[in-house]
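> Here's a structure for you.
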Amino acid sequence: MSLLIRGALLEGESVDVAIRNGLIESVGPTPVTSGESAPEALFDRELDGRGLHLFPSFRNAHTHVAMVLFRGYGDDMPLMEWLQTRIWPAEKVMTAEDVYHGARLGLLEMIRGGTTFLNEMYWHRPALLRAVEEMGVRACLGATILDLGDDALLSSQKAEIEELVAARAAGGLEAGGRVELSIAPHAIYTVSPAVLEWVARISDDAGVRVHIHLSETEGEVQGCLDEHGCRPAELLERVGLVSPRLVAAHGQFLDRSELELLARGGATLVTNPTANLKLATGGIFPWREARAAGVRVCLGTDGAGSNNNLDMIEEMKVAALVQKHREVDATALPAQEALAMATRAGAEAFGQGSGTIAAGEPADLVLVDFSDPATQPLHDPDSALVYAANASQVHTTICAGRVLMHGRRVEVCDEKEVVAGAVAAIREVLERSGAS
Ligand SMILES: [Zn+2]
């Protein structure tokens, strides 16, 4: 499969991008020519990029994609009341099929917003895998582990993880190598240290990533101090989880020594500012301190139950604004850094190259149309993307060299059918849970 993007704008220059077998073959000034032959003949498909701006695609480094089913279901409620009266009763009756329908809707939204990768944590991993395979994106799908005193449930989760790790070791590449496995213990307050140690051993032995929520609220920090006599990141180190394979979401209440500890261990953090603001956690991610410590920071939307969308462009803007506000400094987290956090940092963290548009890199790209009045005049494309644009200005989304959307038309599914499937699924879930 080969693709030629002709005449798109990259850092102010018109370039042609040649793509073959999922990788960028060349990036150069228009036109690409090869000997005597006309370039069109050398590629399976050619896209007219004139007037469109090329960017690396977005990597959503922390989400629960199927939770789009809960978009707008119980907004403006206190966290525990929301979980106890809305989310948990509904999740209790959700089937794999419901998760599949929810995931397809979330992935459709992501593709329409230029996102080609998600780091995911939720139940019914096979249903998520099916949706990811169909929709053509990349994913790191967590095998979730929750340890709330139910031994039978815990044993079945452990058995599933052991099976998945063994299948991975046997060379079972999923979705043509686009899908990676992680182990996803929910958090330090829902998984015991003994189980976290078990996770760390498997992660070490098999080289599998670990995806966890960390230091999301002050209550979590205080609970950890009371119960274990240390702070959350110190507990992760104690159980052996701090390594380059660790991806920890939130981290709002990490102190300087925890950030240094995570940086020394090569761990990755993911900030999710919109969800933190909406759930009123009261903290802002310590970006300046994380940067000084040298820890890698990616960007995520979290689930749409607490966001309420999966729009990485909006997330970049919120991330930049909250840091400026926190630092009382308009130069804090500039557009270029917000963009790098949403693109390059995610690619690097998940072994998808450098996340730049260069020969030899994975062909994960977007074309953005800034002709909309909301993004005119155009002084600086990076700034326009972060501060003025939204998902609807993404014109084309390409993952692993495959066009998932072109001219706002998604090519990997019937959009109406995906939306209708998800709407029907959540209606039935709520009926079964007795909520409607
Ligand atoms: Zn989360």
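> Among 24, 202, what is the fewest-to-most ranking by other Cβ atoms within 10 Å? Each step should come with its number before you reach the end.
Working: 24 23, 202 17.
With the sparsest Cβ surroundings first, the list reads 202, 24.
> Here is a further query. Pairing the Cα long axis of helix 218-228 with the longest principal axis of the chain, what angle in degrees results, from 0 to 90 and rounded to the nearest 10?
On a 0 to 90 degree scale, this one is about 50.
> Using only Cα atoms, tell me the angle between helix 96-112 and the longest principal axis of the chain; keep it within 0 to 90° and round to the nearest 10.
40 degrees
> If the only charges are +1 at each Lys and Arg Cβ and -1 at each Asp and Glu Cβ, what is the size of the charge dipole of the chain around the Cα centre, to the nearest 20 debye?
Values: 37 positive and 61 negative charges, 42 e Å.
Value, rounded to 20: 200 debye.
> Additional query: Once the Cα atoms of helix 312-327 and of the chain are each reduced to a long axis, what angle between those two axes, in degrees from 0 to 90 to the nearest 10, is obtained?
Roughly 60 degrees between the two axes.
> Another one. Cα gyration tensor of the range 247-327, axes a ≥ b ≥ c as square roots of the eigenvalues: rounded (a/c below 1.5), prolate (a/b > b/c) or oblate? Before the final figure, lay out each step's value.
On the way: a/c = 1.92, a/b = 1.64, b/c = 1.17.
It is prolate, given that a/c is not under 1.5 and a/b is the larger ratio.
> Using +1 at the C-beta of Lys and Arg and -1 at the C-beta of Asp and Glu, which of 131, 100, 87 has the Cα lying farthest in the positive direction of the dipole of the range 1-136?
87
> Determine, for each peptide in 206-213, 382-389, 351-358, the mean count of other beta carbons within 10 angstrom over its residues, then list the peptides with the highest first. Could the numbers behind the result be given before it?
Working: 206-213: 21.9, 382-389: 20.2, 351-358: 16.8.
Taking the mean over residues of other Cβ atoms within 10 Å, the ranking is 206-213, 382-389, 351-358.
> How much length is gained on full extension from residue 166 to residue 376, taking 0.36 nm per residue of separation minus their Cα-Cα distance?
On the way: separation 210, 0.36 × 210 = 75.60 nm, distance 5.28 nm.
Stretched fully, the residue 166-residue 376 segment lengthens by 70.3 nm.
> Please check: in the Gaussian network model of the chain (C-alpha springs, under 10 Å), which one of 18, 66, 374 has the largest mean-square fluctuation.
374
> In terms of the Cα gyration tensor, with a ≥ b ≥ c the square roots of its eigenvalues, is the range 58-349 rounded because a/c is under 1.5, prolate because a/b exceeds b/c, or oblate?
Values: a/c = 1.28, a/b = 1.12, b/c = 1.14.
It comes out rounded by the Cα gyration axes.
> How far is it, in nm, from the label point at residue 189 to the one at residue 155 when both lie 7 Å from their Cα along the line to the Cβ?
Taking the simple label geometry, residue 189 and residue 155 are separated by 3.0 nm.
Laboratory data are not the source of any read-out in this text; all were calculated from the coordinates shown. Bear in mind the structure is a predicted one, so any value in this text is a computation, not a measurement. FYI the Cβ positions are ideal-geometry reconstructions off the backbone, even for glycines, and counts take in every protein chain you see.
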